[in-house]
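Undergrad: Below is a structure I'd like to ask you about.
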Amino acid sequence: MKIVPGFPGPADPSLTDAFSAFISAASRLEHSYGQLHEEVAQLRIQLADRNLALATSLEENERMRILHGEILDALPCGVAVVAQNNDVVLLNPEAKRLMGIAETEKPSWSVLPKPIRTMIDSGPSQAWRQGDEQQIEVQSTGGKRWLRVRCTSIDDAAVNTGGTLASPTLILTIRDTTSQKQADEEREASRHMVALAEMATLLAHEIRNPLGSLELFASLLASDAGLTEDSEKWVQNIQAGIRSLSATVNNVLRFHTPGASALAEVKLREILNNAVEFIRPLVQQSGLNVTLDETLGDAEIMGDPGGLQQLLLNLTHNAIRHTPAGGRLSVCACIRSLAEKPVAVVEFSDTGNGIDPEDLPHIFEAGFSATRQRTGLGLAVCERIMAQHHGAVAVTSHLGEGSTFRLEFPIL
């Protein structure tokens, strides 16, 4: 074979094989690259889906976090979360209000009331067990408040799976039980008052009969013409003391055993005359004078003589306590027309110290006493007796000048 210069000779078999192998490898590489490209594209799609799902999850978590915060803020009970080392993580607005913490105050151990800090520090082995409730008293800007606190411990693993906390995390649920506590105290006080009233009524019944006998004997002594002047004074003092004690006994009985009085047609003039004579020893013993000025004539009312006597006796005791020696009590009675109807008006006046304007609205309340040294039943019984007689009672008073009680009775 003739070889032409400049042209390659016959192909080398080894080179041809190498070239073929290269072409084959390139084809396989190109095929693998195509598969890899498809897998990368698929992974990108999956990654985009995962990112979208993660973004959605984060958005949902944020929404749930905001929702949980709003729920905590709206709860009608207080919630406090105390983590490791007494680190206060959360105080919702109601917890701050109940514990008297300012809304702008950041949650911290020092702002918690001392009773709650003591309860937490004591640990479950001493003061509380898991889920137990305790009632504590705290002082706030509004005054004393009673709180019921439920303390629940959360396991470390439930709080932090990445490590161990120094102490369990506590959730405090706080409810205001002030109104319930006050209601319980009022019920207990009411039970005590009922028991005392029953005992006082029983004692008053037992005392009244001996007092009646003493009053009778004192009247017999007073009518003895052979008494010396000193003896007459002693008898008057005895009568005054007995009648004063009788007034207290009768007030207790009338107040704690209420009921309709036995009213009958009576002449008010006679009732007033007898009542003034009945109170005269008391008035004289106190160094006072008493006068009666009436123009009632034969006017009659539906009345209870005993109740009306008690009424005047209570007003007398009240006047004596506030009128210095040398003062005067006056009883004035007349007929007047009110709303085109005739009424008997009785005015009981004293020249005493008068009634404080702050006390004036409360003087007819049972248990109220301006001196804080009396039972506070006298004027309350007066108001009740007037109501039983279908009448009305009012008072006017000026400090340093005295007081006047105005009684109005419907005339038959």
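Undergrad: Amide H neighbours of S403 under 5 Å, counting only residues 5+ apart in sequence or on other chains, H built in-plane at 1.01 Å?
TA: Answer set, sorted by chain and number: D350, G352, G354.
Undergrad: Let me ask something else about it. Starting from the exponent 0.38 and prefactor 2.2 Å, build the expected Rg for segment 329-412 from its residue count and divide its actual Cα Rg by it.
TA: The reported ratio for this selection is 1.16.
Undergrad: For K181, go through the aspartates and glutamates and keep the ones whose alpha-carbon is under 17 Å away, minus same-chain ones fewer than eight residues off.
TA: Straight-line reach from K181, under 17 Å: E133, E137.
Undergrad: Across bins of 10 angstrom width beginning at 0, how are the C-alpha pair distances of the chain distributed, in whole percent?
TA: 4, 14, 16, 11, 8, 9, 10, 8, 5, 3, 3, 2, 2, 2, 2, 2, 1, 0, 0, 0
Undergrad: To test your reading of the geometry: what angle, between 0 and 90 degrees and rounded to tens, separates the Cα axis of helix 378-388 from the longest principal axis of the chain?
TA: 80 degrees
Undergrad: Right, here's the next one. Mind listing the long-range amide H neighbours of L90? Cut-off is under 5 Å, sequence gap 5 or more, other chains count too, H placed in the peptide plane at 1.01 Å from N.
TA: So L90 has HN proximity to V81.
Undergrad: Given Cβ point charges of +1 (Lys, Arg) and -1 (Asp, Glu) and nothing else, what value in debye, to the nearest 20, does the dipole of the chain about its Cα centre take?
TA: Computed about the Cα centre, the dipole is about 460 debye.
Undergrad: Can you give the FRET efficiency to the nearest 0.05 for K341 and L245, using r as the Cβ-Cβ distance and R₀ = 41 Å?
TA: 0.55
Undergrad: How do 317-330, 108-121 rank on mean C-beta neighbours within 10 Å, highest first?
TA: 317-330, 108-121
Undergrad: Okay, next question. For segment 262-412, just list the percent of Cα-Cα distances falling in each 5 Å bin from zero outward, please.
TA: Percent of pairs per bin, in order: 2, 9, 19, 23, 21, 15, 8, 2, 0.
Undergrad: Determine, for each peptide in 269-281, 63-75, the mean count of other beta carbons within 10 angstrom over its residues, then list the peptides with the highest first.
TA: Packing order, densest peptide first, comes out as 269-281, 63-75.
Undergrad: Separate question: Expressed in nm², what is the orientationally averaged projection area of the convex hull enclosing the Cα positions of segment 23-74?
TA: With the hull built on Cα positions only, its mean projection is 3.4 nm².
Undergrad: In degrees from 0 to 90, rounded to the nearest 10, what is the angle of the helix 13-74 Cα long axis to the longest principal axis of the chain?
TA: Between the helix axis and the principal axis of the chain, the angle is about 0 degrees.
Undergrad: How far, in degrees from 0 to 90, does helix 178-222 lean away from the longest principal axis of the Cα atoms of the chain, to the nearest 10?
TA: With both axes taken from Cα atoms, the answer is about 10 degrees.
A short reminder: the numbers here are calculations on the coordinates, not readings from a lab. Everything quoted here is computed from the prediction, not taken from an experiment. Note that each Cβ is placed from the backbone with ideal geometry, even for glycine, and that neighbours are counted across all protein chains shown.
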